[in-house]
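Right, one structure below, let's go through it.
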Amino acid sequence: MRRLALAAGLALSLVAGAASAASVAVTAERMLDVRSGKYIDHPVVVITDGRITAVGRQGEVTAPADAERIDLPGLTLMPGLIDMHVHLDSSPLYGGYTGLAFTDNFWTVVAARNAETTLLAGFTTVRNVGSDRYNDVAVEQAIDEGIIIGPRIVPATYAIGATGGHCDSTYLPPSADSTSPAVADGPDEARKMVRKLKKYGAKVIKICATGGVFSNDAVGVQQMTLEEIQAVTSEAHMAEMKVAAHAHGPDGIRAAIAGGVDTIEHASLVDDEGIRMAVKAGTYFGMDIYNTDYTQAEGAKNGVRESELKKDRDIGELQRQNFCKSIKAGVKQIYSTDAGIYPHGDNARQFAVMVRYCATPLQAIQTATINSAEALGQGKDVGEIKVGAWGDLIAVRGDPLADVTVLQTVPFVMKGGEVVKGP
């Protein structure tokens, strides 16, 4: 019986493989070239076996005769969006201590649902920078196996932090004896932790260089030494992995840049020297400047403690002003929203806040496409509609360069040449 089941499974796999190898030709009213900021009228995008094989204007590009046709009249075609800072196994509906009411594996199921919601919102790639119990790896594997639907996930597994720091367990008393599995004190422990997380599925490394909003510590205080940060980055880069640093305060930001991290997450209280260092080093900033709106409006109702709400209030506007300063100074920006602090699926709400604080619509869109793809080291695969890239497409109504809020409602989503939302 096992042999018969295996044979049947193989046959189904071969049929599915043959179906996925068929070509798809997508046409629309126009297409946004996110690199140049120019529109291509009446485009056609041909996708074969999940990858884009031709891009051009209708009449100039010929699709295979047997290609499936998908016409999107009146819509604007764009590459699938990228969010570089999500927590799929987190929900803003459970703040403070309320999350302790659920069994551990409840959050894996939450992550699966959030992955689907994120994909349907037009985000076809996400970087999950911190989860418990390797939930992000579990969901990534389930998506890859076709068990559930969701975006391409770049998992960090646990975030590495210092004892008692933002990425340790700071909610419970000593009698609970609760410590994060990714606590690392000293360069040797930090280096070993990178190896361990890679062993169990991490494809990017996340560190907590400073305190944070949702923990029992001062938000801007540095918590990892330069030597510890350097140990993490040297080990990760040797393994061809990128490093993201949670860093709110200026000292921790400067140490993270000096230590060779690839992206600074939050960067809320960055000073002029930190901005200069980032420009010189080519370090990306991922500044989550939308979620304060949600936290201040809904946090108390969801159980977020007043101490955390106060920290959020204290840094919210400062972070937005520093985003503007960094944009004007030429710091490279990625699209990092901290989804999980606000509801998954609302990721695109940040575009409007970015435009309100100095970014042009094109700059904002580029953070979630070509900039994030390059920061991931996946510029050949995602973030742009071009030959060789994955067939990850979205379509929106209206002109996103005139009104970025059209990105908040995405009627068409395609991932790897397969329609997951729309006609």
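The values are calculated or read from the model by the stated rules, or taken from the named source; none is laboratory data. Just so it is clear, the structure is predicted and the values come from calculations on it, not from any experiment. Counting neighbours? That spans all protein chains shown, and the Cβs are built from the backbone with ideal geometry, glycine included. Just so you know, the surface numbers come from the protein's heavy atoms only, side chains and all, with ligands and any DNA or RNA stripped out. Shrake-Rupley method; radii C 1.70, N 1.55, O 1.52, S 1.80 Å.
Using DSSP to define loop residues, name the chymotrypsin sites (Phe, Trp or Tyr not before Pro) in segment 60-145 whose beta-carbon has at most 14 other beta-carbon atoms within 10 Å. Please list the in-between numbers first.
Working: sites: 94, 97, 102, 106, 107, 123, 134; in loops: 94, 97, 102, 134.
Sparse-neighbourhood loop chymotrypsin sites (Phe, Trp or Tyr not before Pro): 97, 102.
Around residue 78, under 15 Å between beta carbons, what's the net of Lys plus Arg minus Asp minus Glu among the other residues? Display every interim value, and only then the final one.
Details: positive: 30, 35, 38, 386, 397, 415, 421; negative: 29, 33, 41, 83, 384, 392, 399, 403.
Result for the neighbourhood of residue 78: -1.
Taking only complete DSSP H runs, can you tell me which helices of the chain stretch 15 Å or more along their own long axis by Cα positions and average at least 0.0 on the Kyte-Doolittle scale?
Numbers: long enough: 2-21 (28 Å, 1.31); 106-120 (22 Å, 0.65); 187-199 (18 Å, -1.65); 226-238 (18 Å, -0.05); 306-329 (34 Å, -1.29).
Qualifying helices, which must be both long enough and hydrophobic enough, are 2-21, 106-120.
Dividing the alpha-carbon Rg of segment 219-277 by 2.2 N^0.38 Å yields what? Before the final figure, lay out the partial values.
Numbers: Rg = 10.8 Å, N = 59, 2.2 N^0.38 = 10.4 Å.
Expressed relative to 2.2 N^0.38 Å, the Cα Rg reads 1.04.
Looking at segment 178-245, I'd like the Rg to Rh ratio, where Rg is from alpha-carbon atoms and Rh is Kirkwood's inverse mean 1/r. Write out the running numbers ahead of the final one.
Working: Rg = 12.0 Å, Rh = 12.4 Å.
The Rg/Rh ratio comes out at 0.97.
Would you mind counting up the charge near residue 227? Only other residues with Cβ under 13 Å from its Cβ, with Lys and Arg at +1 and Asp and Glu at -1.
On the way: positive: 191; negative: 185, 188, 189, 228, 235.
Counting the neighbours of residue 227, the net charge comes to -4.
Label segment 143-264 by shape, choosing from rounded, prolate and oblate, from the square roots a ≥ b ≥ c of the eigenvalues of the Cα gyration tensor; if a/c is under 1.5 it is rounded, and otherwise prolate applies when a/b is larger than b/c, oblate when it is not.
Values: a/c = 1.60, a/b = 1.21, b/c = 1.33.
Oblate shape, in that a/c is at least 1.5 and b/c is the bigger or equal ratio.
Roughly how many Å² is the accessible area per residue of segment 318-357, as a whole number, for a 1.4 Å probe? Walk me through the intermediate numbers first.
On the way: 1290 Å² over 40 residues.
Ligands and nucleic acids excluded, the figure is 32 Å² per residue.
Can you compute 3J(HN,Hα) from phi for each residue in segment 356-373, using the Karplus curve 6.51 cos²θ - 1.76 cosθ + 1.60 with θ = phi - 60°, rounded to whole Hz and x for Gly and Pro?
With coefficients 6.51, -1.76 and 1.60, one gets 5, 10, 5, 6, 6, x, 5, 4, 4, 5, 5, 4, 9, 10, 5, 5, 5, 4 Hz.
What does the charge count around residue 134 come to, taking other residues whose C-beta lies under 13 Å from its C-beta (Lys +1, Arg +1, Asp -1, Glu -1)?
Values: positive: 133, 196, 198, 199, 203; negative: 89, 104, 132, 136, 140.
Neighbourhood net charge equals 0.
Give 198/386; 196/415; 38/332 a once-over and call out the pairs whose C-alpha atoms are over 23 Å from each other. Let's see the in-between values first.
Working: 198/386 31 Å; 196/415 31 Å; 38/332 21 Å.
198/386; 196/415, as the Cα separations exceed 23 Å there.
When you have a sec, figure out the Kirkwood radius of the chain from all distinct Cα pair distances and drop it here in Å to one decimal?
On the way: mean 1/r = 0.0454 Å⁻¹.
Across the chain, the inverse of the average 1/r is 22.0 Å.
How big is the shadow of the Cα convex hull of segment 41-136, averaged over all directions, in nm²? Walk me through the intermediate numbers first.
Details: hull surface 35.3 nm².
Computing the convex hull of the Cα atoms and averaging its projections yields 8.8 nm².
Quick one: give the max-minus-min coordinate of the C-alpha atoms of segment 354-407 along each principal axis, largest first, in Å.
32, 24, 11
Please list, or write none, the lysines whose alpha carbon is within less than 22 Å of the alpha carbon of residue 325, excluding same-chain residues fewer than 8 places away.
280, 311
Within the chain, what's the longest run with no GluC sites (Glu not before Pro) in a DSSP loop and at most 15 other beta-carbon atoms within 10 Å? Give the range, please. Write out the running numbers ahead of the final one.
Working: sites that count: 60, 145, 240.
It runs 241-423.
For the chain, what's the relative contact order in percent, using C-alpha pairs closer than 8 Å and at least 6 residues apart? Provide the component values of the computation, followed by the final result.
Numbers: 976 pairs, mean separation 79.1, N = 423.
For the chain, the relative contact order is 19 percent.
In segment 48-96, if every C-alpha pair distance is counted and binned at 5 Å from zero, what percent goes to each bin?
Over segment 48-96, the share of Cα pairs per 5 Å bin runs 4, 10, 16, 19, 12, 7, 9, 8, 7, 4, 2, 1 percent.
One-quarter of the Cα convex hull surface for segment 226-324, in nm²? Write down the numbers at each step before the final one.
Details: hull surface 28.2 nm².
For the Cα atoms of segment 226-324, the hull's average projected area reads 7.0 nm².
May I ask you to give the percent of accessible area on the chain that is carbon plus sulfur, with a probe radius of 1.4 Å? Present the calculation step by step, with values, prior to reporting the outcome.
Values: 9490 of 17690 Å².
Here it works out to 54 percent.
Where only protein heavy atoms count, and the probe is 1.4 Å, what is the accessible area per residue for segment 217-272 in Å²? Intermediate results must be reported in sequence, preceding the final value.
On the way: 1780 Å² over 56 residues.
Each residue of segment 217-272 exposes 32 Å² on average to a 1.4 Å probe.
Okay, helix-only estimate at 222 nm for the chain: each DSSP H run of n ≥ 4 adds -39500 (n - 2.57), divide by all residues, round to 500 deg cm²/dmol; what do you get? Let's see the in-between values first.
Details: 12 runs with 140 residues, N = 423.
Result for the chain: -10000 deg cm²/dmol, rounded to the nearest 500.
Across bins of 10 angstrom width beginning at 0, how are the C-alpha pair distances of segment 102-193 distributed, in whole percent?
Histogramming segment 102-193 at 10 Å steps yields 16, 40, 28, 15, 1 percent.
Counting other Cβ atoms within 10 Å of each Cβ, which trypsin sites (Lys or Arg not before Pro) in segment 26-130 have at most 15 and sit in a DSSP loop? Working shown, then result.
On the way: sites: 30, 35, 38, 51, 57, 69, 113, 127; in loops: 35.
For trypsin sites (Lys or Arg not before Pro) across segment 26-130 that sit outside H, G, I, E and B with at most 15 neighbouring Cβ atoms in 10 Å, the list reads 35.
Of all chymotrypsin sites (Phe, Trp or Tyr not before Pro) in segment 285-344, which ones are in loop regions per DSSP and have a Cβ with at most 11 other Cβ atoms within 10 Å? Please list the in-between numbers first.
Values: sites: 285, 290, 294, 323, 335; in loops: 290, 335.
The qualifying sites: there are none.
May I ask for the distance between the Cα centers of segment 209-284 and segment 138-186, given as a whole number of Å?
Centre-to-centre distance over Cα atoms comes out at 18 Å.
Most mobile of 170, 124, 283 per a Gaussian network model of the chain (Cα springs, under 10 Å)?
Highest fluctuation of the listed residues: 170.
Size of segment 76-126 along its principal axes in angstrom, Cα-based, largest extent first?
Result for segment 76-126: principal-axis Cα extents of 44, 18, 15 Å.
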